[in-house]
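Everything below concerns the one structure shown next.
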Amino acid sequence: MIKVRRFTKSDVKPLWQLKLNTIHNVNRQHYSLAEVTAWAPHEYNESAWVERVTKINPFVAEVNHVIAGFADLQDDGYIDHFYCSADFQRQGVGAALMQAIFNQATKLKLNSLYAEVSITAKPFFSRYGFVEEEAQRVEVRGQKINNFVMRKVL
């Protein structure tokens, strides 16, 4: 069973590890080693990550008390983070997180949602009604990384 809850301070390090592992193990199928290393460097800056993850206040998905993914929705409809652990791909974790985002969007009375989506995540977001607005190459730590701006009108 998948349980979705709000972020707590004890999630800080596990969420960093999940993000790092997902990018290096799942996104690696579409991005080079140099790209994923720029996107998710192994160096852990705890203060910067604490500040960032506290600010985005993500939803956290657990399966049997194990963190399986996390995602956030900002007040303007921006989805800044959406990660599912490599160990929990295609098991409903993404669907549960997306439902939490849709529920929050309803509470916030948003007209649309948008995200900068990786090549890997694009088919998933498409299944939930997100449409590509723009393909882009974003520079991250000296690497040009391809992704897509996608939007869903609510």
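The values are calculated or read from the model by the stated rules, or taken from the named source; none is laboratory data. Just so it is clear, the model here is predicted, and its values are computed rather than measured. Please note: Cβ atoms are built from the backbone with ideal geometry, for glycine as well, and neighbour counts cover all protein chains shown. For the accessible areas, the whole protein counts, side chains as well, though only heavy atoms, and no ligand, DNA or RNA atoms are used. Shrake-Rupley method; radii C 1.70, N 1.55, O 1.52, S 1.80 Å.
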**OP:** Quick one: in the stretch 120-154, of everything that is of a type in the set (Val, Ile, Thr) and without any contact (Cβ under 8 Å) to a residue 60 or more places away in the chain, which residue is farthest from Ala86 (Cα to Cα)?
**Re:** Val153
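Thr54: in a loop (DSSP other than H, G, I, E, B), surrounded by fewer than 20 Cβ atoms within 10 Å (Cβ to Cβ) and in contact with a helix residue (DSSP H, G or I) (Cβ under 9 Å, 6 or more places away or on another chain), yes or no?
Judged against the criteria, Thr54 is not a match.
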**OP:** Check Lys3, Lys13 and return the single one that is under 16 Å from the mean Cα position of the chain (by Cα) and either open to solvent by 80 Å² or more (accessible area, probe 1.4 Å) or among the polar types (S, T, N, Q) (or both).
**Re:** Lys13
Original post:
Of the residues that sit in the stretch 30-46 and are open to solvent by 70 Å² or more (accessible area, probe 1.4 Å) and modelled with pLDDT under 95, which one is nearest to Gln89 (Cα to Cα)?
Top reply: His42
Original post:
Quick one: what pairs do we get from the stretch 1-28, first residue more than 19 Å from Arg90 (Cβ to Cβ), second open to solvent by 30 Å² or more (accessible area, probe 1.4 Å) and in a helix (DSSP H, G or I), C-beta under 7 Å, 6+ apart or different chains?
Top reply: Val12/Val50
